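Quick notes on the structure that follows.
The values are calculated or read from the model by the stated rules, or taken from the named source; none is laboratory data. Bear in mind the structure is a predicted one, so any value in this text is a computation, not a measurement. When we count neighbours, we look across all protein chains shown, and the Cβ atoms used for this are built from the backbone with ideal geometry, even at glycine. Please note that ligands, DNA and RNA were not included when accessible areas were found on the heavy atoms of the full protein model with its side chains. Shrake-Rupley method; radii C 1.70, N 1.55, O 1.52, S 1.80 Å.
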Amino acid sequence: MEVIHTPVLLEETIHYLAPRAPGELMIDATLGEGGHSAAFLERFPELYIAGIDADGEIQARARERLAPFGQRIRLYKRWADDFFTDYPVDLPFPDTILFDLGISLFHYEGSGRGFSFMRDEYLDMRLDTSSGKTAADLIASLSEKDFADLLYNNAGERFSRRIASAVHSAKKQNPITSTTALAELVAASVPASYRHGSIHPATRTFQALRMAVNNEADNLPSMLEKALEKLKIGGRMGVISFHSGEDRKVKNFFREKSRDCTQSDMTTDRGQSRLSMQPDAPISRSVGICPVKILTRKPISAGEEECRKNPPSRSAKFRAVEKIDTGVAS
């Protein structure tokens, strides 16, 4: 199998998330082609991994790539948010959780689903093609204002209103269903200086649509919350994000969870804590969740050599935390 995607910040991820004891379980919550998982399994022969991905096509590629590791890898075709909500009863709670919030290069170059403006494809952009609206559906249904808000909120597009106005006018004449049509429309609607800048002018528009189609921005805080609930005490969680909006949400979530909280009368059910506060105890900002220790005070970025060899790593940022031991066994 030809591997298209190269995992970003691999060495940094291994440094912070390497197993601390034999027989640990790691959850690769955004498996993709399995690059991070393959490296962890190869370097740590006593590690077990559960790989999660909603995209059946890319999971088939990961299954082939990870087949040599046999029973040390188990794959689940699920959205990570759903997986942690309805956690498998036969799976121990994890010692480590990794989220790579980026899209695999396979999706851009080999999926045919319109993730890239570099080739003319139908504007689908769904990771799970069995359900949900396509990007073309969203463009057709959103008002001019809602589309502008989507571009600005999801990707920080500073010409969101210009682009939304152009799209709104164009779709009155013909549906916008192809990547080429959308990219050309965006390019024509922005100033020349932006059109000839360091990145393609449609980059943020495509990013914002992809995130909206797959509910990436809306699901992120909930997904991290549910994952942290399942993480064992003393376990570690790492997140790789690819734009400032995502990184800000991860930073704020970890910062909130790192604040002190008082917990009492705790019981456990397969490691999941339940909390009832003493009448005179301070109210916790993270009720029901054990606090975390931040391991990366600032986000870790790729070095010059990695950026040169693997261009998608240029925007990657990695943050990690450890779930603090409160004296309650998990």
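Some points to look at:
- Normalised per residue, the accessible area of the chain is 47 Å², obtained with a 1.4 Å probe and no contribution from ligands, DNA or RNA.
- ³J(HN,Hα) computed for each position of the stretch 88-105 - Karplus, 6.51 cos²θ - 1.76 cosθ + 1.60, integer Hz, glycine/proline x: x, 5, 9, 10, x, 5, x, 8, 8, 9, 10, 10, 10, 7, x, 9, 5, 4
- Only aspartates and glutamates eight or more places from Lys309 in sequence, or on another chain, were considered; those with a Cα closer than 17 Å are Glu11, Glu12.
- Across the stretch 308-318, coupling constants 3J(HN,Hα) worked out from phi with the 6.51/-1.76/1.60 Karplus curve, θ = phi - 60°, read 6, 7, 9, x, x, 6, 4, 9, 6, 9, 10 Hz, and Gly and Pro carry x.
- Shown for the chain: the carbon plus sulfur share of the solvent-accessible area, taken with all protein chains present and a 1.4 angstrom probe, equals 48%.
- To the nearest 10, the accessible area of Met211 is 10 Å² with a 1.4 Å probe.
- Label zone at Gln71 (point 7 Å along Cα-to-Cβ), backbone N below 15 Å, the stretch 47-61: 47-49
- Using C-alpha pairs under 8 Å with a sequence gap of at least 6, the mean separation divided by the residue count of the stretch 24-87 gives a relative contact order of 36 percent.
- Sequence-distant contacts, meaning Cα pairs under 8 Å at least 6 residues apart, place the relative contact order of the stretch 1-115 at 32 percent.
- Extending 7 Å from Cα along the Cβ direction at Ser131 and again at Cys307 yields two label points whose distance is 4.1 nm.
- 24 Å Cα-Cα threshold exceeded, pairs from Lys77/Lys133; Lys230/Lys251; Lys77/Lys251: Lys77/Lys251
- Most fluctuating residue given options Ile199, Ile163, Ile27, as computed from a GNM of the chain linking Cα atoms under 10 Å: Ile199
- Residue-by-residue Karplus 3J(HN,Hα) for the stretch 46-52, coefficients 6.51, -1.76, 1.60, Hz, glycine and proline x: 9, 8, 10, 10, 10, x, 10
- Of the residues Ala227, Pro92, Ala212, the one whose Cα sits farthest towards the positive end of the charge dipole of the stretch 90-249 is Ala212 (charges of +1 on Lys and Arg Cβ, -1 on Asp and Glu Cβ, taken about the Cα centre).
- The GNM of the chain, with springs linking C-alpha atoms under 10 angstrom apart, assigns the highest mean-square fluctuation among Phe84, Phe69, Phe206 to Phe69.
- Thr85 paired with Ile294, simple spin-label distance in nm, labels 7 Å along Cα-to-beta-carbon: 2.9
- Dipole magnitude (debye, nearest 20) for the chain, charges at Cβ of Lys, Arg, Asp, Glu: 800
- Within the straight-line cut-off of under 18 Å between alpha carbons, the aspartates and glutamates reachable from Lys145 are Asp137, Glu157, sequence neighbours fewer than 8 places apart in one chain being disregarded.
- By a 1.4 Å probe calculation restricted to protein chains, Asp146 has an accessible surface near 80 Å², given to the nearest 10.
- Near the amide H of Ile233, within less than 5 Å, lie the amide hydrogens of Ser330, all on another chain or at least 5 residues away, with H placed in the peptide plane.
- Test item: Cα-centred dipole of the stretch 119-274, Lys/Arg +1 and Asp/Glu -1 on Cβ, debye: 340
- Asn219 versus Arg314: modelled label distance in nm, points set 7 Å from Cα along the beta carbon direction: 2.8
- Figure note: Tyr152, Tyr76 ranked by solvent-accessible area, largest first, 1.4 Å probe, ligands and nucleic acids not counted: Tyr152, Tyr76.
- Part-to-part distance (alpha-carbon centres) for the stretch 30-93 and the stretch 100-164, which is given in Å: 26
- Shown here: Rg and Dmax of the Cα atoms in Å, derived from the displayed model; of the candidates [x] 20.0, 66; [y] 21.0, 65; [z] 18.6, 57, it corresponds to [y].
- Relative contact order [Cα under 8 Å, 6+ residues apart], the chain, whole percent: 17
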